[in-house]
Structures are given as C-alpha cells and as structure tokens.
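Values in this text are rule-based calculations from the coordinates and carry no lab data. Owing to the predicted nature of the structure, the values given are computational and were not obtained by experimental measurement. Don't worry about glycine lacking a Cβ; one is built from the backbone with ideal geometry, like all the others, and counts go over all protein chains shown.
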Amino acid sequence: MTDTLFNGIISGDRKRDHATVADRAARIAGGLQALGVKAGDSVCVLMRNDIAFIEAAYGVMTLGAYAVPVNWHFKPDEVQYILTDTATKVLIGHSDLLAPLHGAVPAGVTVLSVPPPPEILATYKIDPDACATPAFADDLDTWLAQQKPYDGPALPQPQNMIYTSGTTGHPKGVRRNAPTPDQSKNAEAMRALIYGLKPGARALLPGPLYHSAPNSFGLRAGKLGGALVLQPRFDPEDFLKLVQNEKIDTIFMVPTMFIRLMKLPQAVREKYDISSLKHIIHAAAPCPADVKRAMIDWWGPIIYEFYGSTESGAVTFANSEDALKKPGTVGKIAPGAELKFVGDDGQELPQGEIGEIYSRIAGNPDFTYHNKPEKRGEIDRDGFITSGDVGYLDADGYVFICDRKRDMVISGGVNIYPAEIEAALHAIPGVHDCAVFGIPDAEFGEALMAVVEPQPGVSFDIPKLRADLKTVLADYKVPKHIEIGHNLPREDSGKIFKRRLRDPYWAAAGRVI
C-alpha cells in the first residue's frame, strides 16, 4: 500500500506532483514579475482551499513579495478595503468569488480567475453556470501558458500577510519582515517542533488557508516531499476516510473538529484505520479538558497544542502528557519565547496571579501592522506584545488562559471569565456547543448570558442546566440568562462569532460597556 501512495498536493480526486506544482509556481512568479510585482509588493489571493492557492502563494513568495490571503466570506466592500489597503497589483481568485467584485476592484489591478474545482463545487453546492471567468479577469491557466518561469536570484521569502479580524474597525494586515538566514533556521526548527512536520510528511489540512496557522502549516507541509491533502471544508467522517486512504501522519486542527469527531457514532469512529497518525497539533481556541482527554484515549499521546497569535507566533507548547497532568493548560513557555503577566496597573505579576499576557520571541522577524504602525504601539510594552488574552503561570511553569480581556464580563464589580463557564457547559451530556458573554444589566452593569446549542434530538430543561452548572461553578458564575440556540454563527476555524450574538443586546441598550 505504501508504495502506491502519491506524493504531491491532493484535493478531492485531483493530484498534482511536486515537480508540476514547482513549475506552475515558477511560471506564476515569472508572470507576476512581468506585471511589475517586486519584493515587498502584495498580491491578494481570494480562494477556498485549492491546489491553485498553494501554487499562487509559492509564486508570490519566490519574488520576495507578500501573498495576502483574503477571507472568502468577505463582502465586496470588505474585499475592496484589503485590495486598496495592500495596494495590490494582482488579485488571484476563484471565479465565482470574483464575479460579485465588479466595480470593487481598484483600477490598474490585474485579476486572474481560477474555476472552482469539482470537489469545491460539490462541497459548497456551487452552480457551475456561475463560474465563468468574469469579464474583468483573465483565466489563470490561459495566462500561465504564456509565462516563462522565474529565473532570477533567490530572494528572502516573507510569510504571507494575514489580516486579523479585530473587534472593531477594519482588519489589520500583519506584515512580518523577511527572515535573515539565522531567523529562517530558527523558524524551521520551531515549525518542526510545533507542527511536527518532517521531510516526507503526509499532512492533512482541514482548516481554511486564509487563517494564519493553517496557512503557515500548509505552505510548509507542501514543500517536504510527501503529501499535502487539502480538505475543502471539514467533514468528520470524510476526514477519517482521508486519514485512512492517504496514510496521513501530521494534521493541524482546531478543538471544534475534535468535538465533531467525538459526536460520530462509535461504529463510524471504529470503521477507519487511523494508525498512521503521529502528530496532531491544535490551536486557535480553548479545548475543553474532557474533550482533549477523550481524543488522547482514542488516538493515543500524539496530540499537541500551542498558544499564540498571528502577531506573536507560537509562545507555548503542550504535549499529551502535559494535557493529562494539567487539564486545561496550553503548556509551558516554548523555546525562545518569553512571557509576562501584567496587571491593570501595568506591573508584572508573580506566578499564580491572573494578568494580561505579553510575549515576545526574540529570534522571530519583527512585524508591523500594514499602514497602521501606530496600532503596533498600542499592543507593545517594552518589546513584548499582547493579543488581549488573560491568564497565569502556575508554580510548575504551566500557562493557563482564562479568557480574552475583551470577553471578560464585569458583573457587580466582579471579573468573570466566560471560557471557564463554557468548559463547564461542554462537559454536560448533550451539549453540542455554547457561547457565554455579557449583556447589559440595570443592576449589575453586566449579566452573564449563555446560548447553548444541543446535539440533534436533545432537549434541555433550563433550570436543570443551571442546577448542573451550580455543582461545578460558584453561583455568581452561573449565567443569569440561558437560551437554547441552533446553528450558532461560526467562522471556518470553528470559532463562534460571539459578536453576532452579543452585539444586538448592547445596541438595544445604546451602550457598548
């Protein structure tokens, strides 16, 4: 079986070997150079998970330019903002995503169109008749056939520039300097540790390439000589089937994927051979301790976790032993990283005390927010940066995240961290997912609201839910308001869009805090 495994990039029934990918990326680079793209410029990529996405990113990076993945859920005015903010010279996108952008693409931008492949048409139920090349674009393959491969000098390759969503205003582009040779060596060593990617790795990417960690993981995995398998969108049984059929050994995941896998019937979970798995890394959101334990029981001690952000990189690292020994931890401080926990008065706090987390990795290339250097200053404290998370370091050197500072609820002057309550809700049988947040309260300023999504066929008695929570939480942490919800709004990463749930309450109250 092993001898017949394909090495290259795989998506659905399509397979493209590494030599072909490299040739197409070189031709993209040559064509972009002919269009005037040079080191430091930006090229926007508006695609779902597709082989062409990987090739485009490689081609842009070859020139020392920044590939800018654009969230394909964005509306035309949101896409237009990023095209304008980056001063992009070229936009490469799936044809059906480009079509609504007529009039939104700035003058002078060359647009290259890629027809969505069959697996994406099927997954997203896209009408093939809606996939013609827009009149303002050129077909990528037709254009590519006319291009010569780039044959210039090897240039330092910066990471892709990822736009972070933020809570207010426009997203910000995290623009990191191209690495020096020493920084490249450090970065490769860290990626090998964190991601578990080794030469010949057979990697599966079920998360969206427009997100920071999946993008970094995917672009690294695609150059190791093994296989990179792209899943158009996470589906739990299809995921297990891909692991079995492609002998996958390394995967980047998010906790919601674990939860959905655990919801599969036992017979379905046992149907597939997943013995090839060696290294599963997850991040992006808190993982309930009981879910982590159940996944380790199922897959073995091969599950790892890191904590970090687009801006910081991975600053902690946990293996399965850490997760079992210290439930809820995101691990110990990663090699090369430094962390500080800072109180409201700006003073660094001792072990065990909860504060805002500031971090730095001295060996990483520095970054700024594209066109917004002042925003970098807002999160910087003596070279350490924060993403607004609150947590603490225990006596054994393990880091715990309590919540995001902006998600913290202050009710009657008491600080309450929703992540703790969400973890308690996840432990209740029948809970598929949940979101806890603060809503206006005339007496206490804020009150806790929980929206609970049950598993199919499950119904909840709200007083019983509240009683169950009181067995594990202090009374003041039990939500005053509980609602049952269905199809909670989510990002592709699996994170719930809390703002969509929370904002109507604050808008009705005429205040935001």
Contact order relative to length for segment 408-509, counting C-alpha pairs under 8 Å separated by 6 or more residues, stands in percent at 26
Checked against the positive end of the charge dipole of segment 425-513 (+1 on Cβ of Lys and Arg, -1 on Cβ of Asp and Glu, about the Cα centre), the farthest of Pro454, Val472, Ala509 is Ala509
Beyond 21 Å (Cα-Cα) in this structure, taken from Lys292/Lys495; Lys247/Lys326; Lys263/Lys477; Lys263/Lys292; Lys241/Lys263, we find Lys247/Lys326; Lys263/Lys477
Excluding residues fewer than 8 positions from Lys89 in its own chain, the lysines with Cα under 18 Å of it are Lys38
Ala507 and Gln455 label points (each 7 Å along its Cα→Cβ direction) are spaced in nm at 3.5
Counting Lys and Arg as +1 and Asp and Glu as -1 over every other residue whose Cβ sits under 14 Å from the Cβ of Pro128, the net charge comes to -3
Between Arg269 and Lys325, Cβ-based FRET efficiency (R0 25 Å, step 0.05) works out to 0.45
Counting only DSSP beta bridges fully inside segment 1-109, the antiparallel percentage to nearest 5 is 35
Quick calc, segment 16-164, dipole around Cα centre from Cβ unit charges on Lys, Arg (+) and Asp, Glu (-), nearest 20 debye, gives 300
Low-density loop trypsin sites (Lys or Arg not before Pro), segment 267-350, at most 13 other Cβ within 10 Å, DSSP non-H/G/I/E/B, are Lys271
Other residues with Cβ under 13 Å from the Cβ of Asp394 give, with Lys and Arg +1 and Asp and Glu -1, a net charge of 0
Of the residues Ala29, Ala145, Asn71, the Cα lying farthest along the dipole of segment 16-164 towards its positive end, which is defined by charges on the beta carbon of Lys, Arg, Asp and Glu, belongs to Ala29
Contact order relative to length for the chain, counting C-alpha pairs under 8 Å separated by 6 or more residues, stands in percent at 10
Two pseudo-spin positions, 7 Å from Cα along C-beta at Asp394 and at Ala442, lie apart in nanometres by 4.3
Given unit charges at Cβ for Lys, Arg (+) and Asp, Glu (-), the dipole magnitude of segment 435-513 about its Cα centre in debye, nearest 20, is 120
Per-residue ellipticity at 222 nm attributable to helices in the chain (runs of n ≥ 4 DSSP H, -39500 (n - 2.57) apiece, nearest 500 deg cm²/dmol) works out to -9000 deg cm²/dmol
Computed for the chain: size of charge dipole around the Cα centre, +1 on C-beta of each Lys and Arg, -1 on C-beta of each Asp and Glu, debye to nearest 20, value 520
